[in-house]
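S.K.: The structure follows.
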Amino acid sequence: MAAKELVFSGVQPTGNLHLGNYLGAIVNFVKLQDTHNCIYCVVDLHAITVWQDPAELTRTIREVTAAFIASGIDPKKHIVFNQSQVSEHAELAWVFNCVARLGWLNRMTQFKEKAGKDRENASVGLYAYPNLMAADILVYRATHVPVGEDQKQHLELARDIAQKFNNDFSDSIRAHDFGEKFFPMPEPLITGPATRVMSLRDGTKKMSKSDPSDYSRINLTDDADSIAQKVRKAKTDPEPLPSEEEGLKNRPEADNLVGIYAALSGQSRPDVLREFGGGQFSGFKSTLVDLAVSKLGPIGAEMKKLTQDTAYVDAVLADGADRARVIASETMNAVKDIVGLIRKK
Ligand code: TYM
């Protein structure tokens, strides 16, 4: 492992965790544990940028934690915690509110999508959300951030913020012996055959927690029957599967199912097409059902067991937060010194 490489990523506790979250992010979180020190965060302060029912929020914070553990993240070797327990995230986000420019935030497509037509009525938090996300990463001076493709623009903003902070305070950074640059440029890791899993009902729309149709997504807690029903009902086209990737062009639903199969089976897309090319969707879908049930079934079952043991989950979060705070407070103290704020020494 390179000496100073550190992985950070976060998942919002807002409703159902789905196959997109799993294949786009969590599978990669699990893999990176072998090569890196990793910090995985349940980003509850991000969730409240849109109103959340308090009891439901508490439940979903625990559920995302359970999903991490059930998927194979080791909270003893690495750090798993919820954001609000480490107040340095919010503190650094304020500093970043003063570094980031309005013009930068105005370009964020996710804000535009989430705020919709009624932009005046969106919370200030939803607008400043990417600054908090930059703070999540940079408060640990993390270098690598595994995410799905939809987070790419937010990562670019985090890099812009890191760079502007390094430039704006370059003299002070040097004067305090932090070298030339205080923050690293965090690198997005957008890897695997399913970086953008699409809705099962419409291959042009991202699979999302907020889609009103539950048939659009496979939830990590779905039982075998629901998984089977959803895959069988997934939209397809009348053509058989192609034998080469070229043949998936302009066939978004077929492309999506092939990507899901590849990611779940650990194969490449060409491998999958070599196996199923020329065949009808019905046969492919039955094999996909078996594969999805065998991969997701045990995770869903373990999640259900863990969420019932709230004392255990809360203890994992408290322990993770204690260890995260040690790193975060060191960064925050340095930031205060660099910016010129007086703190107790
Ligand atoms: P969130 O909670 O929406 O999603 C969690 C992770 O799942 C990925 N993802 C997908 N990947 C492939 N296909 C999909 N359909 C799909 N839907 C979601 C997301 O890209 C993400 O990696 N802003 C972040 C949370 C966050 C964060 C951070 C991430 C807050 N602070 C710092 C990294 C670093 C978000 O809303 O993810």
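S.K.: Only one of (1) under 21 Å from ASN21 (Cα atoms); (2) touching a residue at least 24 places away in the same chain (Cβ under 8 Å) is not met by VAL258, so which one is it?
M.R.: Every listed condition holds for VAL258 apart from (2).
S.K.: Here is a further query. Let me confirm something: among ASP211, ASP202, which residue is surrounded by 15 or more Cβ atoms within 10 Å (Cβ to Cβ) and at pLDDT below 95?
M.R.: When all the criteria are applied, what remains is ASP211.
S.K.: Something else: Suppose the filter is modelled with pLDDT of 95 or more and in a helix (DSSP H, G or I); does ARG343 pass it?
M.R.: The answer is no for ARG343.
Let's see how each residue does on (1) at pLDDT below 95; (2) buried (at least 23 other Cβ atoms within 10 Å of the Cβ); (3) away from the ligand (no atom under 15 Å from the Cβ):
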| position | (1), (2), (3) |
| --- | --- |
| GLY10 | no, yes, no |
| ASN16 | yes, no, no |
| GLY20 | no, yes, no |
| ASP53 | no, no, yes |
| SER71 | no, no, no |
| ASP74 | no, no, yes |
| PHE96 | no, yes, no |
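S.K.: Mind counting the residues in region 31-51 that are in a helix (DSSP H, G or I) and surrounded by fewer than 18 Cβ atoms within 10 Å (Cβ to Cβ)?
M.R.: The number of residues fulfilling the criteria is 1.
S.K.: Kindly check whether there is at least one residue in region 176-187 that is within 11 Å of the ligand (Cβ to nearest atom) and either in a loop (DSSP other than H, G, I, E, B) or modelled with pLDDT of 95 or more (or both). Spell out how you get there, then give the answer.
M.R.: Taking region 176-187 first, the residues within 11 Å of the ligand (Cβ to nearest atom) are 186.
Now restrict to residues that are either in a loop (DSSP other than H, G, I, E, B) or modelled with pLDDT of 95 or more (or both): 186.
Yes, that holds for at least one residue.
S.K.: Okay, moving on. Which numbered condition trips up ASP177, out of (1) in contact with a Ser or Thr (Cβ under 6 Å, 6 or more places away or on another chain); (2) free of Cβ contacts under 8 Å to residues at least 24 places away in the same chain; (3) acidic (Asp, Glu)?
M.R.: (1)
S.K.: Of the residues ALA128, ALA134, which single one is buried (at least 17 other Cβ atoms within 10 Å of the Cβ) and either within 11 Å of the ligand (Cβ to nearest atom) or not in a helix (DSSP H, G or I) (or both)?
M.R.: Working: ALA128 fails: either within 11 Å of the ligand (Cβ to nearest atom) or not in a helix (DSSP H, G or I) (or both).
The match here is ALA134.
Here's the yes/no breakdown for (1) small (Gly, Ala, Ser); (2) closer than 30 Å to GLN163 by Cβ; (3) not assigned by TED's automatic domain parsing to the domain that holds GLU113:
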residue	(1), (2), (3)
GLY15	yes, no, no
VAL30	no, no, no
ARG59	no, no, no
ALA70	yes, no, no
ILE73	no, no, no
ALA90	yes, yes, no
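The values are calculated or read from the model by the stated rules, or taken from the named source; none is laboratory data. In this text the structure is predicted, and so the values were computed from the model without any measurement. Glycine gets a Cβ as well: all are built from the backbone with ideal geometry, and neighbour counts include every protein chain shown.
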